[in-house]
Protein chains: 2
Amino acid sequence: VSLSRAEAEAMDAADPLARFRAAFDLPEGVIYLDGNSLGPPPRATAARLAEVVGREWGRDLITSWNLNGWMDAPLRVGAKIAALIGAGPSEVAVADSTTVNLFKLAAGALSLRPGRQVLLTPADNFPSDLYALEGLAGLIPGVELRIAEPEGLLAAIGEDVAAVVLTQVHYKTSARWDLAQVTAAAHAKGALALWDLSHSVGALAIDVTAARADLAVGCGYKYLNGGPGAPAFVYVAERHQAGIRSPLTGWMGHAEPFAFEGHYRPAADIRGQVSGTPGVLGLAALEAGLDLLAEAGPAATEAKGLALAELFMSLVETRCAGHGLSLLGPRDTARRGLHVAYAHPDGYALVQAAIARGVIGDFRAPDVARYGFSPLFLSYAQVWDAVEILREILATRAFDRDDYRRRATVT
Amino acid sequence: VSLSRAEAEAMDAADPLARFRAAFDLPEGVIYLDGNSLGPPPRATAARLAEVVGREWGRDLITSWNLNGWMDAPLRVGAKIAALIGAGPSEVAVADSTTVNLFKLAAGALSLRPGRQVLLTPADNFPSDLYALEGLAGLIPGVELRIAEPEGLLAAIGEDVAAVVLTQVHYKTSARWDLAQVTAAAHAKGALALWDLSHSVGALAIDVTAARADLAVGCGYKYLNGGPGAPAFVYVAERHQAGIRSPLTGWMGHAEPFAFEGHYRPAADIRGQVSGTPGVLGLAALEAGLDLLAEAGPAATEAKGLALAELFMSLVETRCAGHGLSLLGPRDTARRGLHVAYAHPDGYALVQAAIARGVIGDFRAPDVARYGFSPLFLSYAQVWDAVEILREILATRAFDRDDYRRRATVT
């Protein structure tokens, strides 16, 4: 039997995170199921940016680097991310993009495992991660990027592997790797585990310490609501910080940046992963997003997010049956992230028709409709309404209209 | 004879760029001579960011990547920088930090000159540039970073040099390398010239095309007034774009980012230098800064900037003589950038005492007071007043106060 809208409303009434919905200002009539691609702005972000531009940059000018904590921002904001992933406060720094950070830490993994020259990754890893690793392997003679089928990944970890590089939650299927299990399998062969947490940070209650994860990167603009192209982060377990070498060496990673020494001398802590001057505007917006997640707490965030995804999947099963939607990835929420994707023969047109009705999701080639369930700003009733809109579109074949079928070149 | 304040005011009355002062909102009583380190915010920036956060990010949400031109921003903003440095509109992209971009293009230079493994740079290059090159050389076996004394740089260009890497205007002395002359010397030996334009872009009327410069990077937060830690830029001459290989390969540099192909296939144009998702907030602020410079034009900007620097130097000579200020770098404005630096036995305390009187400059170890002359928001009368304040401080030894002498750990 299918849950009623009244029952969904009752779930909202009992939701301990319900108050966070008022911290966002989403457009009227929109059910935003794309926070897994671009989180929306918290209300506090605009005011925070106005403060940074007006008072800090405009009035305090150059003195803000010390006076307003700009110099420390990569580590201060990093510590707020650390709290979301079970890391120590001095194990995370915010810097650069996810892609650049992956390059940095993959090279760092090679420096921590001298004599090993292989980076191992699953074939279905996020393409930009594959590209970053290809770039590194192409740059250093002798380094090999070994690509394994996902089901054979653990068996492919050999004694020549410096690091296994993988994304915890798959960007399309939402399938979740077991952080502790894969890390243990890597360690058993003397390899490191380098994780991309882009589709899980701020969504799942990650614990890199319990999993003994070595290295990680992640994205600031999805569940962290840090803004379009927000700066990314790096995690380096404390036990590796003295030994790891970043190839992207800049003054902000120097032991004494303002000594202007002629040779690079790395900071012995997480600051060694920061290279250029930090982007203060991006950091400020990211911090506003993180402050909400810190208040909500990772356990409650994960619990609600998975409950929203579970509700969506179960309502689709009961109310949209027979309309050709085929779930990607595992059905069990314990083995997935907070987004849910379905293949459908008319996937693109379906996504467009739903957007026209206010249900914002996204399309991934060739035929996938993807919907994400950010816990801070979504309600259970919205999930119910979204499924009802999808049901109506599917039942009436509303997606058959030409203007929904026209393909954008970039989606 | 010394120019009078009335004469300085007359120069302001005749200044074709005077109207740009109203485009900034600097604090009352402040003469900001540190725009060469951190340019102040144009008035338009706060409104532009509010628009990006409120309407684009908050209302249009994920659709902004296409609808509001976020995807194209690295090249659109890049084209505005191109106009300032004499490049073609498709020769510049905004991405990453200056340090990361220098790593990227130095590796790119090696890819354009197979068989050559030496990167040559002057010993007094900006430390973060030296660090980036050290990082690259340390990563790839066989690559050598060769460091030459500045006066022997041209003679040190051998047939084994892939690229000469240098900063057009020195961050401390303001000494200017001749863009065309050094580039020609590099080309004569089959090497490329890779320029860091951080201390000259938005200040001097650079012409990379006339100079036949091959590659360049530069900073967005100095004379471009793009905001603290603004994104940086890369210039790749069109003739090199098809052949150059970036080591930092991410989805935004892929020929088809949203095809999500399993292997990297570089865009054949300047987009190949973009790696991760662009930071939209930083790009928006940078664009607001660039729009003012585009309106002013590089020739007028350089003319006024050099006139301000000339006025400062000549007033210091006539009004501050005998007080121990010793000019760094060449006296001739044709051979320098827009900042002026003096060694003084009490350099640090002098800078602090002037800041207390509203004249904001900065200190560079061990004993250097540095002042920058941004053409858009400074007046000739302010330059006159700044020298008068310095004269009073020097004449009364006001810098002898203990609170000026106390050293900050980071300045």
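Within the stretch A:40-66, track down each residue that is facing chain B (nearest Cβ under 7 Å), free of Cβ contacts under 8 Å to residues at least 12 places away in the same chain and under 27 Å from the mean Cα position of the chain (by Cα).
A:Ala46, A:Ala50
All but one of (1) crowded, with 20+ Cβ neighbours inside 10 Å; (2) more than 30 Å from B:Val368 (Cβ to Cβ); (3) more than 7 Å from chain B (Cβ to nearest Cβ) hold for A:Gln241, so report the exception by its number.
It fails just one condition, (1).
Failed condition for B:Glu7, given (1) facing chain A (nearest Cβ under 10 Å); (2) in a helix (DSSP H, G or I), with all others met?
Against the list (1) facing chain A (nearest Cβ under 10 Å); (2) in a helix (DSSP H, G or I), B:Glu7 comes up short only on (1).
Which one is farthest from B:Pro257 (Cα to Cα), of the residues in the stretch A:133-151 that are in contact with a strand residue (DSSP E or B) (Cβ under 9 Å, 6 or more places away or on another chain) and among the small types (Gly, Ala, Ser)?
Here the residue is A:Ala148.
Please indicate, with yes or no, whether at least one residue in the stretch A:219-228 is on the phi > 0 side of the Ramachandran plot, of a type outside the set (A, V, I, L, M) and in contact with a strand residue (DSSP E or B) (Cβ under 9 Å, 6 or more places away or on another chain).
Within the stretch A:219-228, one or more residues are on the phi > 0 side of the Ramachandran plot, of a type outside the set (A, V, I, L, M) and in contact with a strand residue (DSSP E or B) (Cβ under 9 Å, 6 or more places away or on another chain).
Just give me the residues in the stretch B:271-282 being open to solvent by less than 30 Å² (accessible area, probe 1.4 Å) and more than 7 Å from every other protein chain (Cβ to nearest Cβ), in sequence order.
B:Gly272, B:Gln273, B:Val274
Could you list, in sequence order, all residues of the stretch A:62-89 that are buried (at least 24 other Cβ atoms within 10 Å of the Cβ) and part of a loop (DSSP other than H, G, I, E, B)?
Within the stretch A:62-89, A:Trp70, A:Ala87 qualify.
When the stretch A:67-91 is examined, which residues are found to be away from every other protein chain (no Cβ under 14 Å) and polar (S, T, N, Q)?
The one that is away from every other protein chain (no Cβ under 14 Å) and polar (S, T, N, Q): A:Ser90.
Within the stretch A:246-265, which residues are assigned to a helix (DSSP H, G or I) and either in contact with a helix residue (DSSP H, G or I) (Cβ under 6 Å, 6 or more places away or on another chain) or polar (S, T, N, Q) (or both)?
Across the stretch A:246-265, the qualifying residues are A:Trp251, A:Gly253, A:Pro257.
Among the residues of the stretch B:283-296 satisfying the criterion of being of a type in the set (Gly, Ala, Ser) and open to solvent by less than 20 Å² (accessible area, probe 1.4 Å), which is farthest from the other protein chains (Cβ to nearest Cβ)?
B:Ala296
Name the residue that is nearest to A:Leu38 (Cα to Cα), counting only residues in the stretch B:266-287 that are small (Gly, Ala, Ser) and assigned to a loop (DSSP other than H, G, I, E, B).
The extreme case among them is B:Gly279.
Here is a check on your reading of the model: is A:Leu224 buried (at least 24 other Cβ atoms within 10 Å of the Cβ), touching a Pro at 6+ places or on another chain (Cβ under 9 Å) and not in a strand (DSSP E or B)?
No.
Quick one: is B:Ser198 more than 18 Å from B:Trp177 (Cα to Cα) and at pLDDT 95 or above?
No.
Exactly one condition in (1) more than 10 Å from chain B (Cβ to nearest Cβ); (2) surrounded by fewer than 24 Cβ atoms within 10 Å (Cβ to Cβ) is false for A:Ser37; which is it?
(1)
Determine which member of the set A:Ala299, A:Ala216 is open to solvent by less than 10 Å² (accessible area, probe 1.4 Å) and among the hydrophobic types (A, V, I, L, M, F, W, C).
Step by step, each of A:Ala299, A:Ala216 is checked, and only A:Ala216 is open to solvent by less than 10 Å² (accessible area, probe 1.4 Å) and among the hydrophobic types (A, V, I, L, M, F, W, C).
Identify, from the list A:Gly347, A:Gly322, the residue that is free of Cβ contacts under 8 Å to residues at least 60 places away in the same chain and in contact with a Lys or Arg (Cβ under 9 Å, 6 or more places away or on another chain).
The match here is A:Gly347.
Those residues that are buried (at least 24 other Cβ atoms within 10 Å of the Cβ) and at the interface with another protein chain (Cβ under 7 Å from one of its Cβ atoms), I need them from the stretch B:248-270; list them, please.
B:Leu248, B:Thr249, B:Gly250, B:Trp251, B:His254
Read through the list (1) more than 7 Å from chain B (Cβ to nearest Cβ); (2) in contact with a helix residue (DSSP H, G or I) (Cβ under 7 Å, 6 or more places away or on another chain), then give the number of the only condition that A:Ser128 fails.
Every listed condition holds for A:Ser128 apart from (1).
Looking for whichever is open to solvent by 70 Å² or more (accessible area, probe 1.4 Å) and more than 15 Å from A:Gly305 (Cα to Cα) here; the options are A:Ala23, A:Ala13, A:Ala44. Which one fits?
A:Ala13
Mind checking which residues of the stretch B:10-34 are assigned to a helix (DSSP H, G or I) and at the interface with chain A (Cβ under 7 Å from one of its Cβ atoms)?
Within the stretch B:10-34, no residue meets the criteria.
The values are calculated or read from the model by the stated rules, or taken from the named source; none is laboratory data. None of the values given here were measured: they were computed from a predicted structure. Note: ideal-geometry Cβ built from the backbone for every residue, glycine included; neighbour counts use all protein chains shown. Areas reflect the complete protein model, heavy atoms only, side chains present, ligands, DNA and RNA absent. Shrake-Rupley method; radii C 1.70, N 1.55, O 1.52, S 1.80 Å.
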